[in-house]
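The values are calculated or read from the model by the stated rules, or taken from the named source; none is laboratory data. A quick note: this is a predicted structure, and the numbers were derived from the prediction, not measured. Cβ placement follows ideal geometry from the backbone for every residue including glycine, while neighbour counts extend to all protein chains displayed. The area values use the complete protein model at the heavy-atom level, side chains included, leaving out ligands, DNA and RNA. Shrake-Rupley method; radii C 1.70, N 1.55, O 1.52, S 1.80 Å.
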Amino acid sequence: MDLNRNDTPNNNQNNNGKKPEGNRPKGSIGTALLITLAIVLLINWIYGSISKSQYTETSFSDFLEAKEAGQLTEVEMQYDRIIYMTKEEAAKPASAQKACYTGLPSGGDMLALEQELHAAGVTVKNEIVEDNSVIMMILSYALMIGGLFLVMNLLTKRMGGDGMMGGMGKSKAKVYMEKQTGVTFKDVAGQDEAKESLQEIIDFLHNPQKYTAIGAKLPKGALLVGSPGTGKTLLAKAVAGEANVPFFSISGSDFVEMFVGMGASRVRDLFQQAAKVAPCIIFIDEIDAVGRSRDNRYGNNSEQEQTLNQLLSEIDGFEPSKGIVCLAATNRPEILDKALLRPGRFDRRIIVDRPNLQGRLDTLKVHTRKIKLSDDVDLRKIAQATAGAVGADLANLVNEAALRAVRMGRQAVNQEDLLVSFETVIAGTEKKNTVLTDMEKRLVAYHEVGHALIAALEKHAQPVSKITIVPHTSGALGYTMQMPEEEKFLSTAEELRTELRTLVGGRAAEQVVFGVQTTGAANDIQRATSLARNMVTQYGMSEKFGLMSTASVENQYLDGQAYMDCSQETAAEVDKEVMQILQQAYTDAKRILTEHRGLLDEISEFLLVKETITGDELMAYVNADKNALPAPGVEAPKDEEAE
Ligand code: ADP
Ligand code: ZN
């Protein structure tokens, strides 16, 4: 039971903007070994069967018999066998002749046998060195060693090098070079400030002489800072596309490998490759993986340090007039080593923000360019509903909608597809098989209507756009979606208090109607608590602490989590104040719902039947109620709240 929406869907903290990386399948080494072995065995077998089919196998006594009978014409002594031809066979035409062979008796006197045969006038040959099987043996060993070599080579490549014989650390493997990215600023929606800052770099790449003629120091690097999925990679590619220069990209985590020294040599290699085709752009994604501060606060290692040093010296090393520009992306600028940010290095910082309403609308437009949309599609509505979403979410949303349209057998994407996929992206797919008992369903319905009704009755609340009690895979059994009428950057204290009341409204409804408390309110409580805490510690909205800040935000671009920086006693006081604010909100919410108990029942019953109701349907109930009872009893509490 989740009063959804305000929370940004992309606060995926463990996803540091990392992209899934295609790995070689693990079995490849084993496969190579097996193949080598199979080849050796096959060759041995083929050789064996050929040599066997040439001769007829006989026993030694057969051989002796033939000798006694004077049947032998020719004998060949090999190191492990005797091959002989009988008169009978020799009489046959050459193609049908077949020699016989027999093993050697152990301890037999070969010399005596040879002399005996000579005496009988049989031709005797001795062939030991030329034996084919020895050659085969050598051949199979060679093959085996070759195979092993291959395997070793594969292995070292996997671990990041370029094989044992390729010279340690030549790393063409993970640097991606695109001659032309094919991406331009037109493909990047919004981000106007970022584009403006990057414009100069493009101009420089187009025409470096213009800058050198005046004696201006050219920019070497810029740092793109923003949450994952906001389009940093896309922007970097667009810069390359606009300037029409090659684009090198590598991820910071690719530098840091198993072998010490590998990272540094990769950096060297990257810059060497780039220098060959300059002017060009080098893009280093997740630079925090290498550029982490070298003091030990965040835990690092000598490999990372070496890599960073190499990176710094490469950046310092290249002549600006060459036309190499380094762009790097991070969502944790605060942990970067200060040396990286010094003038002449990544001294420009370009903020890539989460898109605002217009930005989201533009992003949706960019991504729906190649998609067939039906007439009922209203992208503005979608943009309004997705506050907090980043470009990658929106791209994902559009794609999900297109997939849904195909699944439904339609020719074009309609508004419903977009709305449903919005829910998929934000709340997880509708879960059809969670079966709630009737009582649970009632609880969920009242809980959600509790949220929605308070929001509907309050002056400062964002309008409700949808209430549903259809469970979602994300675990929410139902949710209430609120949609702001316009983009908002500031919230007043009163608005925040309204939000608190709305958040605890679910629990209040459970309490007022059923006199129970359920686990379904956990998420609401968590969010209400952190909001109340922020009001006290950061926004200066409590009576007790006034303007005193008691917490500071450390990581603005990832989770924005705040850390208390006050004495223990103050922290304890803060907790009391937070509790006080929550208590007040809860009391108010219960009062509002008790006063509008009739409305609460009516809407909840309606929701139980329909499972999903729109904001308009909700407002129809609320307004009808107002019209029916124009008495001050309805309006008054609402205005009271407003104060
Ligand atoms: P980041 O590097 O910041 O993590 P990406 O550049 O990899 O994000 O963005 C991922 C995808 O999201 C892009 O390929 C693009 O489809 C989409 N996207 C992100 N921002 C935008 C934007 N401003 N305009 C259009 N598409 C965007
Ligand atoms: Zn709830």
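Roughly how many Å² of Tyr446 are accessible to a 1.4 Å probe, to the nearest 10?
10 Å²
For Ile43 and Met439, what is the calculated FRET efficiency with R₀ set at 56 Å and r taken between the beta-carbons, to the nearest 0.05? Please report the intermediate quantities before stating the final value.
On the way: r = 75 Å, r/R0 = 1.34.
After rounding to 0.05, the efficiency reads 0.15.
Quick one: how many Å² of Glu611 are accessible to a 1.4 Å probe, rounded to 10?
The accessible area of Glu611 comes to roughly 60 Å².
Rounded to two decimals, what is Rg over Rh for segment 326-445 when you use alpha-carbon atoms and the Kirkwood radius? Don't skip to the answer; put the middle values down first.
On the way: Rg = 20.1 Å, Rh = 17.3 Å.
Over the Cα atoms of segment 326-445, Rg/Rh equals 1.16.
Check which residues have an amide H placed less than 5 Å from Arg349's amide H, if you skip close sequence neighbours.
Residues meeting the amide H criterion: Leu223.
Going by Cα centres, segment 204-220 and segment 576-602 are how many Å apart?
What the calculation gives is 64 Å, centre to centre.
Taking a probe of 1.4 angstrom, what is the accessible area of Ile201 in Å², to the nearest 10?
Solvent-accessible area, nearest 10 Å²: 0 Å².
Once you've got the Cα coordinates, tell me which of Lys459/Lys544; Lys186/Lys372; Lys370/Lys610; Lys459/Lys610 are over 24 Å apart.
Cα-Cα > 24 Å for Lys459/Lys544; Lys370/Lys610; Lys459/Lys610; rest within.
What is the spread of the Cα atoms of segment 180-329 along each of their three principal axes, largest first, in whole Å?
Cα spread of segment 180-329 along its principal axes, largest to smallest: 40, 34, 26 Å.
Computed FRET efficiency, Cβ-Cβ of Asp575 and Asp203, R0 51 Å: what is it to the nearest 0.05?
Numbers: r = 55 Å, r/R0 = 1.07.
Taking R0 as 51 Å, the efficiency between Asp575 and Asp203 is 0.40.
Under a crude label model (7 Å from the Cα following the beta-carbon direction), how far is Arg349 from Glu114 in nanometres?
With each label point 7 Å from Cα toward Cβ, the separation is 9.1 nm.
Filter Lys232/Lys276; Lys195/Lys276; Lys195/Lys237 down to the pairs with a C-alpha to C-alpha distance above 23 Å, please. Could the numbers behind the result be given before it?
Values: Lys232/Lys276 25 Å; Lys195/Lys276 27 Å; Lys195/Lys237 12 Å.
Over 23 Å Cα-Cα: Lys232/Lys276; Lys195/Lys276.
What list of ³J(HN,Hα) couplings, whole Hz, do you get for segment 330-344 from phi and the Karplus terms 6.51, -1.76, 1.60, once you set θ to phi - 60° and write x for glycine and proline?
Once rounded to whole Hz, the list reads 7, 10, 10, x, 6, 9, 6, 5, 4, 4, 5, 9, 5, x, x.
Would you kindly state how much longer the chain becomes between Asp565 and Asp601 on full extension, computed as 0.36 nm times their sequence separation minus their alpha carbon distance, in nm to one decimal?
Working: separation 36, 0.36 × 36 = 12.96 nm, distance 4.58 nm.
Computed gain between Asp565 and Asp601 is 8.4 nm.
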